[in-house]
Structure formats: structure tokens, C-alpha cells
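Engineer: One structure follows; several queries about it will come next.
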Amino acid sequence: MENAIKQKIKQVKKGDQAAFADVVSFYQNKVYQICYRMIGNVHEAEDLAQEAFIRAFVNIQSFDDNRKFSTWLYRIATNLTIDRIRKKKPDYYLDADVKGTDGLDMYSQLASDQKLPEEEVESLELQSYIQTEIMMLPPKYRSVIVLRYLDELSLLEISEVLDIPIGTVKTRIHRGRESLRKRLRHM
Amino acid sequence: MACNKEAIKLMHQYLDDELSTDDKSKLQAHLKSCTSCQQHYQELKKTNTYMKSMDQINVPHDFTRNVMNNLPKEPKRVGYKRWMKTHPIVTAAAIFFVLMFAGLSSVWNGNSQLTVSKQKDLVIENNTVTVPEGVTVDGDLVVKNGDLIIEGTVKGDVVLINGKLISDQKSSDPYLAAAIGGELKQIDQIFDWVWYNIKKSINDVFSFKVNTIYTLHALV
Ligand SMILES: [Zn+2]
């Protein structure tokens, strides 16, 4: 699949805009997921994911074919999302009443619309709880943790996506995981 | 082993698959003997499991379309190129008609000079072609950008492009049925001109008689 995507990117580079649609549909859920887990709001996540793809398209000539496209794309997406988080008022994500509200809304909507069995609802509650806890992490830990668990990226890939030394990646994962441990251990 | 630092660091490294075999056995040995580290390790494993159980959330179904609609417009050239690649037959036909139309219209517009197909024995003056009395044109007669007076005879068809047949003073009938053996075709619209040429080329290709083509035209 990576090879097929490489081919598509070559076509896009030559100016074939339509070939980009295949690139988008291949990576859309991954990118959306990264944005959502970091920003905690489905609408903003969609907006950010869309923006990430548009930026990737506009800057496609600067993408080095010898590198992994996903790394480059995730970097655009995480940078955009971190920028967005920084532009928000800091108390937006620190305020326990506000943070993760959209995530909760989405899960409760899913739960009521589809009348899921009890254990599914419990799982959804757990899901929204985990999301809430991710949102409690400072952005620099959040991005590392999201990339580590969501796509199971290697430490090296994470260091490339975030453009930070691998040692820093390790430290942030350890600290982020410790922080989550304290919050999730009573679940 | 210092529980709060070294052991915990090893736990995280273990969870990240970063632990050497030596360190692994070191950690295992410590966990066996230290309940507080055991507890800590169990909690970390639980956290790991929770994090890995996060649901995949899918984008709305129209996501790709929205992205594509919001991309800056590509240069037209490429759009045509790709379209031509995917529709080779339509493209070939389109190119054929465009070139032919362009060619014909340049003939039509670019040359307003009077031209006539059979020069011999015809009188040309003041944008008017005259077939003098006693003169017989054996084949077809095509006059472009000029009027035509027939005092003699044309055995074939008469085609007038951007011009008209001037009635003989001696006769009130401008079409002088007796004087023209074939049909009279007047063309003053560019589409007629193109149509005439298409028929003419078909005629040339299939060696039909002009009369047959006009019959075809009538059928069309
Ligand atoms: Zn210990």
C-alpha cells in the first residue's frame, strides 16, 4: 500500500490533483484521529485534519520522496493541532467542566442513538474518560502519547514527526504515561 | 535497586520494547521481591491496555470530497491532460472537430477574397462572377465571397458561399432551373460552410457524387 501511495504522490507532484483524493482517503482516519485525540472536539478535529491535507497538498513539492509520507503528514497535522491548542485560552483545557465536553457529547449521542448494550455503553464511558484524561496532559505530552498509542508509531518515528530528539520522546512518554497511570489506576 | 527511580524507568523502557535482556531479568527479579513496584507495574500495564483500547473514530463520509473541494485550483493544462488520458476516443474526435472547425473558420473568416472554382470562360468583375451566354460549366461551380450571374449553363451543382445568385434580367426566376443542371446550394452561415465541407470530405473519401451527398443531407 505504501508503494501505491508513493505512486499517487508522484502523480500529485506532477500536477495531477485528482490523485490526491486517494492519498486523502488512505490517511484520513489516521490524521483525524490524531487531531481528535489531541484537541478533544470532533468538529475542530475535522477542521484541523482538512487543513492538514490542504497544507500537505500545497507543499507537496517540498516532500522528500525517499521519506515516509505518513511521517511528513502527521507532522503537519500535529503542528497545526498544537498551534490551535496554544491559541486557545490555557484554562480551556485545564478547566475540568469544559475540557472534553464534545468528546462526552459525541459518546453519549452514540449511546442514545443506537441503543447500545450495557457493556458497550460502559466501554463508551471508559473511552470518553480516557479522552478526558488525555486532555489533561500538557500539549507536548499529549502529542507524544497520542502518536505512541494511536498509531503505535515507533519512538524514532515520533521523534521525526515532532522533530524532537529521541531521548526527549522517551522522557515525555514516560512522564505522560506516569500521569495517565495516576488518573486511570482507579478505573 | 532504587524503587522510585531506576525500577520505574526500567518499567517504561520495558513497555516501549527498549529493554535489553539483562535489564529485563533485572526488572523481573526486582518485581518478585518488591510489592510496591509490582503494584506500580500493574497500574502501568493497565494504563497501557486502556490506551491501546481507544476506539478508532472515523471521519464523516464526505471528508475526502470536502478536502478535494477546498484545494486550490490546479492549472487547467493538467486537468485537460488527465481528462484526455481517460477519454482517448472522445479526445481524438474532439481534436479532429476542433482542428477542422478552426481550419475551416479561418478559411471562412480569414479570406474574404472572391474565389471561384472554375476560372475559364467566366467573367469576374466587381465581386460578381458571370457565366456568359453560350458558356457551359461542365462540373460544379463554387463561388465564394461574390455574387453569381448565370447567363450560360452550369451542368453540375452551384454552391454560393457568402454570396447570392443575381437574377438574370431576362428571367424573373432567380434559380434558372434550366441553366443549372444540379442543385443550387447557398451557404452564408459558418455552420453551413462547415457542414458543406464535412459532406465534401465524406464525399471525397467515399467518392460519392455530390448529388448523393445532398440527398444524404436531406435525410439528415
Ligand atoms: Zn521496588
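Engineer: Given the conditions (1) of a type outside the set (A, V, I, L, M); (2) within 15 Å of the ligand (Cβ to nearest atom); (3) surrounded by 13 or more Cβ atoms within 10 Å (Cβ to Cβ), report the number of the one that B:Q39 does not fulfil.
Structural biologist: Among (1) of a type outside the set (A, V, I, L, M); (2) within 15 Å of the ligand (Cβ to nearest atom); (3) surrounded by 13 or more Cβ atoms within 10 Å (Cβ to Cβ), B:Q39 violates only (3).
Engineer: A further question follows. When only residues in the range A:147-187 that are more than 9 Å from chain B (Cβ to nearest Cβ), in a helix (DSSP H, G or I) and within 12 Å of A:I34 (Cβ to Cβ) count, which is nearest to the chain's Cα centre (by Cα)?
Structural biologist: A:L147
Engineer: Right, another one. From the list A:K182, A:K170, which residue is basic (K, R), at pLDDT 90 or above and under 12 Å from B:T47 (Cβ atoms)?
Structural biologist: None of the other options fit; the residue is A:K182.
Engineer: Something else about it: Look through the range B:93-102, keep the residues that are without any contact (Cβ under 8 Å) to a residue 60 or more places away in the chain and surrounded by 11 or more Cβ atoms within 10 Å (Cβ to Cβ), and return whichever of them is nearest to B:N197 (Cα to Cα).
Structural biologist: Of the residues in the range B:93-102, the ones without any contact (Cβ under 8 Å) to a residue 60 or more places away in the chain are B:93-99, B:102.
From what's left, surrounded by 11 or more Cβ atoms within 10 Å (Cβ to Cβ): B:93-95, B:97.
Numbers: B:A93: 17, B:A94: 17, B:I95: 17, B:F97: 12 Å.
Checking each candidate, the answer is B:F97.
Engineer: Just to be sure before I move on: is B:E6 at pLDDT below 95, within 13 Å of the ligand (Cβ to nearest atom) and out of contact with any helix residue (DSSP H, G or I) (no Cβ under 6 Å at 6 or more places or on another chain) in the structure I sent?
Structural biologist: It is true that B:E6 is at pLDDT below 95, within 13 Å of the ligand (Cβ to nearest atom) and out of contact with any helix residue (DSSP H, G or I) (no Cβ under 6 Å at 6 or more places or on another chain).
Engineer: Another question about this same structure. State all residues of the range B:42-54 that are within 8 Å of another protein chain (Cβ to nearest Cβ), within 16 Å of the ligand (Cβ to nearest atom) and not aliphatic (A, V, I, L, M); if no residue qualifies, say none.
Structural biologist: The answer is B:E43, and nothing else.
Engineer: Just give me the residues in the range B:16-35 being over 18 Å from A:H174 (Cα atoms), surrounded by fewer than 13 Cβ atoms within 10 Å (Cβ to Cβ) and either more than 16 Å from the ligand (Cβ to nearest atom) or not hydrophobic (A, V, I, L, M, F, W, C) (or both), in sequence order. Before the answer, list the steps.
Structural biologist: Within the range B:16-35, the subset over 18 Å from A:H174 (Cα atoms) is B:21-22, B:25-26, B:28-35.
The next check asks that each one be surrounded by fewer than 13 Cβ atoms within 10 Å (Cβ to Cβ); those that pass are B:21-22, B:25, B:28-29, B:32-33, B:35.
Residues satisfying the conditions are B:T21, B:D22, B:S25, B:Q28, B:K32, B:S33, B:T35.
Engineer: Select from the range A:47-70 the residues that are surrounded by fewer than 18 Cβ atoms within 10 Å (Cβ to Cβ) and under 21 Å from B:Q56 (Cβ atoms) and list them in ascending order.
Structural biologist: A:D47, A:K68
Engineer: A:G100 is checked against (1) crowded, with 21+ Cβ neighbours inside 10 Å; (2) more than 9 Å from chain B (Cβ to nearest Cβ); (3) modelled with pLDDT of 95 or more and fails just one. What number does that condition carry?
Structural biologist: All conditions pass for A:G100, except number (3).
Engineer: Go through the range B:1-20 and count every residue that is more than 60 Å from the chain's Cα centre (by Cα) and either among the basic types (K, R) or over 11 Å from B:C37 (Cβ atoms) (or both).
Structural biologist: The number of residues fulfilling the criteria is 7.
The values are calculated or read from the model by the stated rules, or taken from the named source; none is laboratory data. No experiment lies behind these values; they were computed from the predicted model shown. Cβ atoms come from the backbone with ideal geometry, glycine included; neighbour counts cover every protein chain shown.
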